[in-house]
Amino acid sequence: MIKTLLSGDLPRSRLLSALLLVVLCGLALAPFLFHGARSLNVAATICVFVVLVASYDLLLGYTGIVSFAHTMFYGIGAYGVGLALHGMGPSWSAVLVGTAGALAVSLVLALVIGLFSLRVRAIFYAMITLAVAAAFAVLASQLSDLTGGEDGRTFKVPELLQPGFHLIDGEILGRAIDGKLITYYLVFFSALALFLFMLRIVNSPFGRVLQAIRENDFRAEALGYRTVVYRTLANCLGALIATLAGVLMALWLRYVGPKTMLSFEVMTDILLIVVIGGMGTVYGAVIGSALFILMQNYLQVLMKEASAALAGVPLLANLFHPDRWLLWLGVLFVLSVYFFPAGIVGKLRAGAKAKSDRPA
Amino acid sequence: MTTISQAAPQDSAIPKVRVDMLPLLLVPVLALLMLPLVGSFPTWVTLTVAGLAMGMMVFMMASGLTLIFGLMDVLNFGHGAFVSVGAFTATLVLLPMKSWVEADSVWMNLSVVGLAILLAMLVTGILGWAFERIIIRPVYGLHLKQILITMGGMIVAEQLIHVIWGAEQIPLQLPTTFRGAFIIGDAALEKYRLIAVGVGLTVFVTMFLVLNRTKVGLLIRAGVENGEMVEALGYRIRRLFVGVFMAGSALAGLGGVMWGLYKETLTAAIGGEITVLVFIVIIIGGLGSVGGCFIGAMLVALVANYAGFLAPKVALVSDILLMVTVLLWRPQGLYPVAKR
């Protein structure tokens with residue numbers, strides 16, 4: 001049962017399994033385990049980022065394509081739903097129209113960019129996507145009549161998802177069953193489904209071809225696989241799933257804006273998570289996202305204390321300033337590209353493999 | 001085929017390379033085409049000079065990147081970091097020597113800016129050496145890792161700038177005598193833009209002469225064509241790599257100082273923002289080609305300026321439109337480098 005659900009791609013390390021279980025249970029029970037809006041927000045963000053990062057891993061880790069346009073697709077999803085709900089009022093049909101529209105736009109864009117530049121070298125694709133994504137972000141913040149400009153748009157979600165809505169009176173386990181909770185579980189289960197779907201994809205024959213292309217595209221082509229077609233397909237797939245992640249994020253935040261959805265910082269976050277978590281392992285997205293988002297939200301508290309303790313020393317205090325947490329992650333990123341390119345998950349798996357290979 | 005074998009014994013000199021003139025014509029043709037659209041001649045002159053100035057600054061930043069790519073097949077996504085570092089290093093000179101900046105004397109102004117540029121180029125050059133050594137050397141030939149690692153280097157560098165110079169943006173004052181504009185007829189030509197054009201042209205001409213008239217330049221050009229062959233002939237291509245990387249980084253630093261003075265405010269993101277433009281320029285020019293990079297920079301900047309005047313909404317995506325147009329015409333860029 002579990003094997004089918006995970007598409008035969010088990011974690012293959014006891015520690016990794018335990019970590020994954022902790023993350024899964026933590027996310028599944030988050031509304032009941034932790035109280036307060038902030039922790040629930042952290043949990044929802046982790047869910048969305050797991051999907052977003054895993055879809056990026058499909059490109060980077062499995063196919064060996066470096067794209068910098070992933071936030072663009074994420075933003076298209078968020079803006080699609082946001083603008084539809086803003087324009088048509090809070091209804092489920094608006095959500096559907098927005099999602100469908102966003103998916104269509106993403107698909108077309110991914111196809112065009114892919115066919116235009118995927119036939120050439122990886123570097124070329126990376127540069128083109130960087131340029132296109134930057135132009136898209138500028139467009140979104142400048143066409144303020146449509147998108148609300150830098151301020152973005154806040155909107156109302158369908159009634160079922162509104163915080164004021166109560167499904168039943170009273171509380172379960174000390175938690176009111178309100179719209180926020182329903183939204184959280186909508187996000188959680190969608191994320192889970194999308195995650196399992198991606199696990200299925202990378203372990204299908206299609207996924208194997210992608211990995212073959214990553215390892216040696218010339219050879220894959222020689223074996224009769226049209227690499228351009230496969231690359232473009234992977235690109236479209238990654239884009240579509242990123243779009244859905246954007247939809248989930250917009251529904252959760254009830255807000256879309258260029259800073260949270262399209263900025264280059266989101267892209268660097270994704271990159272950091274994929275590499276630190278483990279490229280080419282979908283599980284890396286789970287571990288990486290959980291770690292990263294938790295650090296983003298709670299590491300700063302630690303750093304604030306360190307910074308306060310070092311207040312007398314001029315440069316060191318700055319080094320541990322809470323806003324500089326990205327510096328440390330950047331260093332970790334560079335080190336992990338060199339020393340453990342398969343990331344945390346790869347390290348754990350290698351450790352488990354070494355243990356099982358050792359004669360008893 | 002036969003004509004070649006017949007011709008060979010007759011003239012033993014190296015056959016003359018046919019210069020591809022078409023891209024060279026693009027810039028003047030574009031400028032002239034825009035004249036009737038813009039309408040008034042003075043406005044057109046102002047716009048053109050502004051475009052050329054911006055193009056020169058972008059060229060300074062882009063030329064190093066394209067040369068590094070051409071020679072070592074490394075695309076440095078962290079190139080923007082050198083731009084930022086260059087601009088911020090300049091503040092080390094420009095802020096303490098405020099009295100020289102504010103003085104109403106050309107010589108004092110020039111020397112203080114010159115000193116700032118010198119320091120910035122020195123620092124970015126050394127930083128380039130370290131960057132090549134620590135970040136890039138282990139990943140030669142691995143494109144995927146190169147992109148990731150240089151991106152990571154960029155993140156770290158940007159954060160380090162925050163650590164050293166603080167997170168607030170720094171206002172940068174343009175020296176007194178560089179302010180204002182020359183009025184010729186009805187056209188206003190900002191002095192600083194003219195200076196930028198001058199510096200840019202100097203860089204281009206110097207680079208052109210070094211590449212085409214010196215032994216080092218010959219080796220670099222040969223390295224771009226076929227690195228292994230250069231090595232086989234007994235030249236240490238590694239030293240060439242390091243030298244070009246340092247020079248490219250120093251040029252980015254120079255561009256950063258010029259760009260920072262042009263913007264008059266500094267944020268650590270300055271390099272990241274310009275990186276996109278730089279990439280578009282080197283794609284248009286043909287990856288690895290310095291001449292193409294020059295024309296690409298001029299085209300991008302001119303189009304951006306004209307579009308900003310004629311149709312501001314189009315200006316937001318004019319760079320991308322230009323790139324797509326050029327690539328539809330020449331998929332490898334204006335001057336494709338042979339082996340790529």
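FYI, it's all coordinate maths here, none of it is from the lab. Given the structure is predicted, the values throughout are model-derived calculations rather than measurements. Please note: Cβ atoms are built from the backbone with ideal geometry, for glycine as well, and neighbour counts cover all protein chains shown.
The figures follow:
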item: Cα-derived Rg over Rh, computed across the stretch A:1-155 with Rh taken as Kirkwood radius; result: 1.03
item: 10 Å Cβ neighbours from other chains, averaged over peptide A:267-274; result: 2
item: Chain A - percent relative contact order, Cα under 8 Å, separation 6 or more; result: 29 percent
item: Kyte-Doolittle mean at least -1.0, axial Cα span of 24 Å or more - DSSP H helices of chain A; result: A:37-57, A:70-88, A:92-117, A:122-142, A:179-202, A:227-253
item: Cross-link pairs B:145/B:313; A:3/A:353; A:180/B:313; A:156/B:263; B:98/B:215 - those with Cα-Cα distance over 31 Å; result: B:145/B:313; A:180/B:313; A:156/B:263; B:98/B:215
item: Computed over the stretch B:264-314, Cα set: Rg, Dmax in Å; result: 12.7, 33
item: Label zone at residue B:202, where the point sits 7 Å out along the Cα-to-Cβ direction: the stretch B:47-82 residues whose backbone N lies under 19 Å; result: B:52-64
item: Distance between the stretch B:75-144 and the stretch B:206-220 - C-alpha centres, whole angstrom; result: 23 Å
item: Computed over the protein assembly as shown, the ratio Rg/Rh where both radii use C-alpha atoms and Rh is Kirkwood; result: 0.99
item: Those GluC sites (Glu not before Pro) in the stretch B:95-198 that DSSP places in a loop and that have at most 16 other beta carbons within 10 Å; result: B:168
item: Distance between modelled label sites at residue A:259 and residue A:144, nm, 7 Å Cα→Cβ extension; result: 1.5 nm
item: Inter-site label distance for residue A:299 and residue A:166 at 7 Å from Cα along Cβ, in nm; result: 4.1 nm
item: Trypsin sites (Lys or Arg not before Pro) within the stretch A:141-231: DSSP coil, no more than 14 neighbouring Cβ in 10 Å; result: A:156, A:226
item: Relative intensity, log₁₀ I(q)/I(0), of the stretch A:295-360 from a Debye sum that treats every alpha carbon as a point, q = 0.14, 0.15, 0.23 Å⁻¹; result: -0.59, -0.63, -0.92
item: Spatial extent of chain A: Rg and Dmax, with the Cα atoms as the point set, Å; result: 21.0, 69
item: Burial ordering of A:136, A:116, fewest other beta-carbon atoms within 10 Å first; result: A:116, A:136
item: Cα-Cα P(r), the stretch B:43-329, percent of pairs per 10 Å interval; result: 7, 28, 35, 23, 7, 1
item: Gained length - residue B:167 relative to residue B:216, 0.36 nm times residue gap less alpha-carbon distance; result: 13.5 nm
item: Estimated inter-spin distance, residue A:208 and residue A:317, nm [label 7 Å along Cα→Cβ]; result: 6.1 nm
item: Relative exposure of A:47, B:293, judged by other C-beta atoms within 10 Å (fewest first); result: A:47, B:293
item: Projected area averaged over orientations for the stretch A:206-360, convex hull of C-alpha atoms, nm²; result: 14.2 nm²
item: Residue-span extension gain [residue A:310 to residue A:350] - 0.36 nm each, minus C-alpha spacing; result: 10.5 nm
item: Net length gained if the chain between residue B:43 and residue B:321 were fully extended (0.36 nm per residue, minus Cα distance); result: 97.7 nm
item: Largest-first ellipsoid semi-axes for the stretch A:119-250, taking √(5λ) over the Cα gyration tensor eigenvalues, angstrom; result: 39, 24, 8
item: Tail weight of P(r) past 21 Å, computed on alpha-carbon pairs of the stretch B:42-131, percent; result: 48 percent
item: Qualifying trypsin sites (Lys or Arg not before Pro) in the stretch B:156-206, DSSP loop, other Cβ atoms within 10 Å at most 13; result: B:179
item: Computed [θ] at 222 nm, helices only, for chain A once each DSSP H run of length n ≥ 4 contributes -39500 (n - 2.57); result: -23000 deg cm²/dmol
item: Peptide B:141-149, shielding by other chains (average Cβ, 10 Å cutoff); result: 6
item: The stretch A:48-142, relative contact order [Cα under 8 Å, separation at least 6], %; result: 33 percent
item: Cα-based Kirkwood hydrodynamic radius, the stretch B:236-340, one decimal, Å; result: 15.2 Å
item: Residue A:221-residue A:28 FRET efficiency (beta carbon distance; Förster radius 51 Å; 0.05 resolution); result: 0.75
item: Residue mean of other protein chain beta carbons inside 10 Å, A:331-342; result: 4
item: Percentage relative contact order, chain B, counting C-alpha pairs under 8 Å, at least six apart; result: 33 percent
